[in-house]
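Provided herewith is a single structure, encoded as C-alpha cells, for subsequent inquiry.
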Amino acid sequence: MSGNAVMTEAGKRRTFAVISHPDAGKSTITEALALHASVIGEAGAVHGKGGRKGVVSDWMSIEQQRGISITSAVLQFAYRDCVVNLLDTPGHADFSEDTYRVLTAVDCAVMLLDAAKGLEPQTLKLFEVCRHRRIPVVTFINKWDRPGMAALELLDEIETRIGIRPTPVTWPVGEAGQFHGVLDLQAGNMVHFERTPGGSRAAMEEIVSAADARARYGDDYVNATEEAELLAASDQSHDQKLFTEAVTTPVLFGAAVANFGVRQLLDVLIDLGPKPAPQVDVDGSARDIDAPFSGFVFKIQANMNPAHRDQVAFLRVCSGRFERGMVVTHGATGRPFTTKYAQSMFGSSRDTIDQAFPGDVIGLVNATNLSIGDSLYSDRKVVYPQLPSYAPEHFATIRTDDTSKAKRFRKGIAQLDAEGVVQVLYSDLRGEQSPVLAAVGPMQFDVAAHRLRAEFSVPVTIDNLPFQLARRTDADGAVKLRGAPGVEVFTRARDNAILAAFPNRWRLQTIVNDYSGVMLEPLLADTDRS
C-alpha cells in the first residue's frame, strides 16, 4: 500500500479516551456513544437496573458488582466515514496508572464534568496530565437534566482553576434540571431532545426554529441566546488551531443517561477531533505516519474470555499499515515477532482483523513475550519511550494458605505483575511464597485478590504493611539499608529495580542524614505522573 493510501486511512481514524472523576458517567457516555453510532441496539445501565445488562466496557465481574470501571477498555467502531477507537478509563484515583497508560495511546480526550460538582480532584489531575502531554481535550458537561451549577459558572471554573479556555460549541436551553435542549452554536439552530422510555435508546431530536423556541421556552431560550452572544463577544468561540494545541477546550452540554447531546459530542469528535500525528521516539525524532509499520504496547490484559484464558497485548499503531501475520521486530530484544492472532476490540468482544492503520488500537492475542511499553516495528528501527511505573504509596503482603495451589498462586501473581495491576516486590526476608504488592491505591489490592480467586481459584490473604513511600537504590545501598530500622529493601519483579520502602517522610529524612552517600532516588511522584 502506498504512503498516500496510508495517510488517507489514518485521516479517517479518531482515537480518544474518556476520562473523569469517579461517578461522572464515563461508562454511561461510552455506551451512549456506541449507541448513537448504531453499533449496539440498546444501552444498559451502569448498575444493570431493570434487568438490563451492564455497560459493554465494564466486562469484569468485579466492575459489574461495584458499578465502577477498574480497568480500561477499548471499543472500536465505524461512524460516518471514520473508524473510532474509543478508550474507556477507570475514574478512581487508585487506578490512575492505567489511565495514564491509555493517555499515551490517544490523540484526544473527552473530559466529563458533573454539572452539579464541577471540577473535582481527580478531574484536576487528569486535566494536568493532558495539558502536560499537550493532548487536546473536549469537555462534556454531563447530567444537565439534574439540578446543578450555572453554565457560565462552570466555564469560569474551568478557566480560572485549570487555565484552559472553554469555547462552547453547544449551549443549554434551560438551567440544570430544566433541560429543554441545546443551541448548536456552529449550525446556528436549537436542538430539542425527547427522552425514550427508560433512556435505553437514542433520544429523539427535533430542530426548533428561533420563533418556535421563543414561543415554547420563553425566558429560558432568550437567556440562552443572550449568554451565547456574550460568549461570542468575549472571544470564546471555537478555534481549531488553539484546540489542537491544547490551549482551548470545546464544551458541550448533555445528559448521557438520557442520551441527550451525545450525537453532538460524537459529531464534534469526528469533525474537530485531531487525526493521528507522528509519534516521537526515544531519540526525540518523529516517525512519519506513512513510514513502515510501528506501534507500542500500552496495556496487557489476561482472561478477558474465561473460557479461553488468553492474554491480549493492546497495541497502538503509530505508522504504516499493519497486516495480520506480518513478521515484525520486537524493539526490546531485536528478535522477530509474528503477529498471527490480531483482533479488533469492542469491550470483551473481539473479531479477527486483517489490517490496521495509524490511530488504530488492536489486540495481539497470546503475545506472552510482550510487556507494557514494548515497541514493534518493521523495516527501519524505532523504539518509543518506555511507560514509567508510578511511585507506590501502599504496600501489603499476599499469600495463600492452600499449599496445593502454590503453582497457580505464582502464575497468578506473575500475570497481575505483567498487566501492571500491581507492582510485585520480593525480598530475602519474606521469600517467593509471600511477595509484597505495591500500589498507588488500596483498591488495587482488592482487585488483585478478586482476580486470583475468580480466575485462578486461589484463596489469598492480604496483610497491609506500614510503608508509605519508596526510593530506588543500588546494590551497595541495599546492603547498607537492610539493617536500618523501619526500612525494608525489595527487588521489583518487572525490571529488577531495587527499592527501599519507608513508613513516612520523616524516617526517610533520618536515613538520608544517617546514611550519607547511599543512593536514594525518587520514583515517579504524584505531581510528575504525566
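The values are calculated or read from the model by the stated rules, or taken from the named source; none is laboratory data. Note that this is a predicted model, so its numbers are computed, not measured. Cβ placement follows ideal geometry from the backbone for every residue including glycine, while neighbour counts extend to all protein chains displayed. In case anyone asks, the SASA skips ligands and DNA or RNA and just uses the protein heavy atoms, side chains included. Shrake-Rupley method; radii C 1.70, N 1.55, O 1.52, S 1.80 Å.
Using Cα centres only, tell me the gap between the stretch 144-163 and the stretch 308-359 in whole Å.
41 Å
Counting alpha carbon pairs within less than 8 Å and at least 6 residues apart, what relative contact order, in whole percent, applies to the chain?
The value is 13 percent.
Once you have the Kirkwood Rh of the stretch 362-451 from its Cα pairs, apply Stokes-Einstein at 37 °C and 0.692 mPa s and quote D in µm²/s.
Translational D for this selection: 218 µm²/s.
Just one of (1) 40; (2) 62; (3) 37 is percent of Cα pairs over 36 Å apart calculated from these coordinates, so which is it?
(3)
Per the Cauchy relation, a quarter of the hull surface: what is the mean projected area of the convex hull of the alpha carbons in the stretch 391-530, in nm²?
Mean shadow area of the hull around the Cα atoms is 8.4 nm².
With every protein chain kept in place and ligands, DNA and RNA left out, what is the accessible area per residue of the stretch 366-441? Probe 1.4 Å, answer in Å².
46 Å²
Evaluate the charge dipole of the chain about its Cα centre and quote only its size in Debye, nearest 20, assuming +1 on the Cβ of each Lys and Arg and -1 on the Cβ of each Asp and Glu. Could you put the intermediate results ahead of the total?
Working: 55 positive and 65 negative charges, 392 e Å.
The calculated dipole for the chain is roughly 1880 debye.
Please report the net charge: other residues with Cβ closer than 14 Å to the Cβ of Ile462, K and R +1, D and E -1.
+1
Just to confirm a number: summing +1 for Lys and Arg and -1 for Asp and Glu over residues other than Phe314 whose beta-carbon lies under 10 angstrom from that of Phe314, what do you get? Before the final figure, lay out the partial values.
On the way: positive: Arg101, Lys299, Arg316; negative: none.
So the environment of Phe314 carries a net charge of +3.
Another question, if that's okay. For the residue pair His132 and Lys381, what label-to-label distance in nm results when each label sits 7 Å from Cα along the Cα-to-beta-carbon direction?
Between His132 and Lys381, the simple spin-label model gives 3.0 nm.
Just to make sure I understand: if all protein chains stay in place, what is the order of Leu112, Leu230, Leu124 by accessible area at 1.4 Å, largest first?
These residues rank, largest area first, as Leu230, Leu124, Leu112.
Alpha carbons only, please: Rg and Dmax for the stretch 182-275, in angstrom.
Taking only Cα atoms of the stretch 182-275, I get Rg and Dmax of 14.7, 42 Å.
Write down the percent of antiparallel bridges among all DSSP beta bridges whose residues are both part of the stretch 379-530, to the nearest 5.
In the stretch 379-530, DSSP labels about 95 percent of beta bridges as antiparallel.
Of the GluC sites (Glu not before Pro) in the stretch 203-292, which ones lie in a loop per DSSP and count no more than 14 other C-beta atoms within 10 Å?
Glu245
So for the stretch 274-346, considering every pair of alpha-carbon atoms, how many percent are separated by more than 19 Å?
Within the stretch 274-346, distances greater than 19 Å cover 43 percent of Cα pairs.
If you average over every viewing direction, what projected area does the convex hull of the Cα atoms of the stretch 317-418 give, in nm²?
Details: hull surface 36.7 nm².
In nm², the orientation-averaged hull projection of the stretch 317-418 is 9.2.
Which whole-percent values make up P(r) of the stretch 68-207 when all C-alpha to C-alpha distances are grouped in 10 Å steps starting at zero?
10, 34, 38, 18, 0
Among Gly188, Cys82, Trp171, which residue has its Cα furthest toward the positive end of the charge dipole of the stretch 80-195, with +1 on Lys/Arg Cβ and -1 on Asp/Glu Cβ?
Of Gly188, Cys82, Trp171, it is Cys82.
On full extension of the chain, what length is gained from Thr510 through Met7, given 0.36 nm per residue of separation minus the C-alpha to C-alpha distance?
Between Thr510 and Met7, full extension yields 175.4 nm more.
Work out, step by step, the length gained on full extension between Arg324 and Glu159: first 0.36 nm times the residue separation, then minus their alpha carbon distance; give nm to one decimal.
Answer, rounded to one decimal: 54.8 nm.
Here's another thing I want to ask about it. Summarise the accessible area of the chain (1.4 Å probe, protein heavy atoms) by the percent that is carbon and sulfur.
Carbon and sulfur together cover 47 percent of it.
I've got another one for you. Please work out the Kirkwood hydrodynamic radius for the stretch 213-349, using every pair of different C-alpha atoms, and report it in angstroms with one decimal place.
Over the stretch 213-349, the inverse of the mean reciprocal pair distance is 19.9 Å.
Placing unit charges on C-beta atoms (Lys and Arg positive, Asp and Glu negative, everything else neutral), compute the dipole magnitude of the stretch 387-530 about its Cα centre in debye, rounded to 20. If you can, show how the numbers build up before the last one.
On the way: 18 positive and 18 negative charges, 62 e Å.
The dipole magnitude comes to about 300 debye.
Check cross-link reach from Lys117 to the aspartates and glutamates: straight Cα distance under 17 Å, and skip same-chain residues fewer than eight apart.
Cross-link targets: Asp23, Asp145, Glu153, Asp156, Glu157, Glu159, Glu175.
Among the DSSP beta bridges whose two residues both lie in the chain, what percent are antiparallel, rounded to the nearest 5? Provide the component values of the computation, followed by the final result.
Numbers: 78 of 103 bridges.
Close to 75 percent.
Exceeding 18 Å between C-alpha atoms, which entries from my cross-link table qualify? They are Lys241/Lys275; Lys125/Lys299; Lys26/Lys125; Lys12/Lys275.
Lys125/Lys299
Take Ala406 and Ile207, extend 7 Å from each Cα along the Cα→Cβ direction, and tell me the distance between the two endpoints in nm.
Here the modelled spin labels are 7.3 nm apart.
Here's a follow-up. For every helix of n ≥ 4 consecutive DSSP H residues, a contribution of -39,500 (n - 2.57) applies; sum these over the chain, divide by its total residues, and give [θ] at 222 nm rounded to the nearest 500 deg cm²/dmol.
For the chain, the value works out to -8000 deg cm²/dmol.
Just read off the accessible area of Phe77 with the full protein assembly in place, 1.4 Å probe, to the nearest 10 Å².
Its heavy atoms expose roughly 10 Å² to the probe.
Compute log10 of I(q)/I(0) for the stretch 239-287 with the Debye formula, placing one identical point scatterer on every Cα and leaving out solvent, at q = 0.14, 0.20, 0.27, 0.31 Å⁻¹, to two decimals.
Taken in order of the listed q values, log10 I(q)/I(0) reads -0.52, -0.79, -1.01, -1.10.
Among 148-156, 11-19, 331-339, 412-420, what's the highest-first ranking by average C-beta atoms within 10 angstrom per residue?
11-19, 412-420, 148-156, 331-339
Additional query: Provide the convex hull volume over Cα atoms per residue for the stretch 434-490, in Å³.
106 Å³
Could you tell me which residue out of Phe260, Pro485, Thr510 lies farthest along the dipole of the chain toward its positive end? Charges go on the beta carbon: Lys and Arg +1, Asp and Glu -1, centred on the Cα centre.
Farthest towards the positive pole: Pro485.
Continuing with this model, one more query. For every other residue with a beta carbon closer than 9 angstrom to the beta carbon of Ser20, add +1 if it is Lys or Arg and -1 if Asp or Glu, then tell me the sum.
Around Ser20, the charge tally is -2.
Right, here's the next one. Can you pull the one-decimal nm distance between simple spin-label points at Ile270 and Ser234, each 7 Å off the Cα toward Cβ?
Placing both labels 7 Å along Cα→Cβ, they lie 3.2 nm apart.
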